[in-house]
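Everything below concerns the one structure shown next.
The values are calculated or read from the model by the stated rules, or taken from the named source; none is laboratory data. Remember, it's a predicted structure, so these values are computed and weren't measured experimentally. Every residue, glycine as well, gets a Cβ built from its backbone with ideal geometry; the counts of neighbours run over all protein chains shown. Surface areas here come from the heavy atoms of the whole protein model, side chains and all, with no ligands, DNA or RNA. Shrake-Rupley method; radii C 1.70, N 1.55, O 1.52, S 1.80 Å.
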Amino acid sequence: MASHIILPPDGDDDEQQRREDEENDGGGSGSGGDGEQQQQGGGNAKAAVPFSAMCVRISRDSYPNLRALRNASHASLTDAAYVKISEGDFGYVLDDVPHLADYIPDVPTYPNPLQDHPAYSTVKQYFVDEDDTVPQKVVVQKNSRRGVHFRRAGPRQRVNFESDEVKACIVSCGGLCPGLNTVIRELVCGLAHMYNVNNIFGIQNGYKGFYSSNYVAITPKTVNDIHKRGGTVLGTSRGGHDTKKIVDNIQDRGINQVYIIGGDGTQKGAYEIYKEIRKRGLKVAVAGVPKTIDNDIAIIDKSFGFDSAVEEAQRAINSAHVEACSAENGIGLVKLMGRYSGFIAMYATLASRDVDCCLIPESPFYMDGEGGLLQYVERRLKENKHMVIVVAEGAGQDIIAKSIPASDQLDASGNKLLLDIGLWLTHKIKDHFKSKKMEMTIKYIDPTYMIRAIPSNAADNVYCTLLAHSAIHGAMAGYSFTVGMVNGRHAYIPFYRVTSTRNKVKITDRMWARLLSSTNQPSFLRQKDIDEAREADRLTNKPPLPPVANQNVAKAFDQSASASSNGEI
């Protein structure tokens with residue numbers, strides 16, 4: 001049976017030792033009949049924060065005393081305070097998101113304004129049930145444990161903010177992506193039209209805009225048609241994250257809802273902002289909307305803008321195919337975005353059906369010798385007189401490094417600067433055919449920045465709307481989280497779950513096999529590569545164990561590791 005154990009705050013060693021001794025003795029004045037440890041608040045306001053913040057539901061069988069709990073933790077108690085794990089029957093585990101009530105005693109609640117909204121009058125059920133959760137894994141067997149779940153997104157019957165008191169701000173960080181303006185528009189319109197919020201501000205040029213720029217007041221009228229344009233009307237930048245300065249500014253300006261749009265690095269920043277807000281005891285909700293054109297955010301089904309990117313990438317592939325077909329021994333080489341994950345390249349290749357070879361970061365390849373890329377290109381030209389190659393920007397970086405000295409330079413977001421695989425391949429292919437005295441023509445197309453700067457298509461516009469509205473409902477209800485679609489349902493996901501791992505193409509899955517079948521390219525893999533890929537898949541998709549987790553929770557997380565959000569179909 002699960003029970004609650006209250007962890008003492010760091011630094012209170014005497015109190016901690018006393019509680020551990022009482023626990024080891026099987027009792028103590030603060031223990032009830034069910035073994036539940038109670039903390040004596042004594043009216044001390046400072047003690048009220050650790051009391052609720054340190055409540056983590058765990059199995060008593062796995063941790064007979066608090067010392068064992070501390071030793072089993074993979075992080076400090078400060079980090080453990082932000083993890084909320086609940087167990088249920090049949091192996092059910094809820095990986096919950098933090099709430100204002102975790103650190104603000106008696107936080108007030110109010111009726112949700114949506115109950116009087118005319119647009120919702122025909123909805124059968126206005127509000128999401130508080131017990132609704134979304135499973136991370138949906139493909140199960142009859143004896144499977146229920147596994148890890150996330151809190152379902154949607155409007156709650158009670159909210160923690162009154163409309164008049166809300167002062168919201170929106171910021172976009174990192175690179176561009178189709179749909180950014182749509183998310184911004186729907187955040188503004190959703191706050192104004194659903195919850196009657198009038199004070200909404202835009203933060204210009206990323207995180208540094210919190211402390212280096214004036215806030216811009218935005219209304220539904222000012223953002224009415226921005227979804228028709230690419231980019232972001234708020235501007236964006238990489239880096240510039242200074243947690244203390246950002247939270248100082250949030251506190252000084254009276255902001256109480258922060259909406260942060262960006263990739264995994266941006267969501268890590270959102271997590272740090274939330275932790276600082278919580279340390280200060282501020283009534284502020286932090287909602288992250290994950291964004292990456294590479295589609296590599298963990299847990300979620302897909303990132304907004306990905307469908308638009310694939311659709312635009314097809315146009316570049318079509319152009320490369322026309323160029324290749326129009327020349328003797330013509331080769332069209334297209335480089336697409338994909339620093340660590342080759343989802344755009346893979347899906348654009350499958351959608352196009354004109355590609356003869358697709359190279360991605362997850363699948364190693366080699367140039368020379370039997371079964372190498374150059375031999376395959378030569379054979380393909382002899383058979384068809386033309387070919388199209390698609391390569392993700394992060395592919396083959398290890399091969400380039402052997403011939404070109406690479407410096408470990410990083411961009412402002414901490415990403416390693418990549419060498420141009422497309423240009424390098426172009427020269428290698430030219431040199432190969434020159435040595436063979438064989439005529440050929442190669443056209444290199446790099447549409448990467450064109451793709452990410454387009455407006456979102458219809459499907460992404462709808463998806464962005466749902467993400468924005470789900471973020472608003474969660475923030476109004478007092479949660480802090482990253483929002484995303486999990487198995488077709490919108491859910492609130494803890495920050496640490498989307499920032500600690502990255503989704504990658506599984507070259508041992510059927511989707512990659514479909515691509516190989518479509519292109520008729522060799523896999524370029526040796527058995528050693530396949531074994532390493534399987535092990536990498538296992539480690540990559542294994543969720544990080546929460547700082548406070550028992551054996552039952554660990555087993556549920558392990559069984560959910562096989563459920564990749566971008567997984568097999």
Worksheet, complete the sentence: Note to self: with every protein chain in place and a 1.4 Å probe, segment 247-296 gives an accessible area per residue in Å² of 26
Item to complete: Starting from the Cα of SER144, step 7 Å along the direction of its Cβ; do the same at HIS427; then give the gap between the two resulting points in nm.
Response: 5.0
Worksheet item: Going down the table (LYS228/LYS302; LYS228/LYS335; LYS275/LYS504; LYS137/LYS528; LYS167/LYS335; LYS436/LYS504), which pairs top 32 Å between alpha carbons?
Response: LYS167/LYS335; LYS436/LYS504
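What number comes out for the charge environment of THR426, summing +1 per Lys or Arg and -1 per Asp or Glu over other residues with Cβ under 11 Å away?
Values: positive: LYS335, LYS428, LYS430, LYS443; negative: ASP420, ASP431, ASP446.
Once all neighbours under 11 Å are counted, the net charge is +1.
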Worksheet item: Peptides 486-497, 254-265, 285-296: what's the order by average Cβ count within 10 Å, highest mean first?
Response: 285-296, 254-265, 486-497
Discussion item. Sort 340-347, 109-116, 433-440, 355-362 by the packing proxy (mean of other Cβ within 10 Å over each peptide's residues), most packed first.
Written reply: 340-347, 355-362, 109-116, 433-440
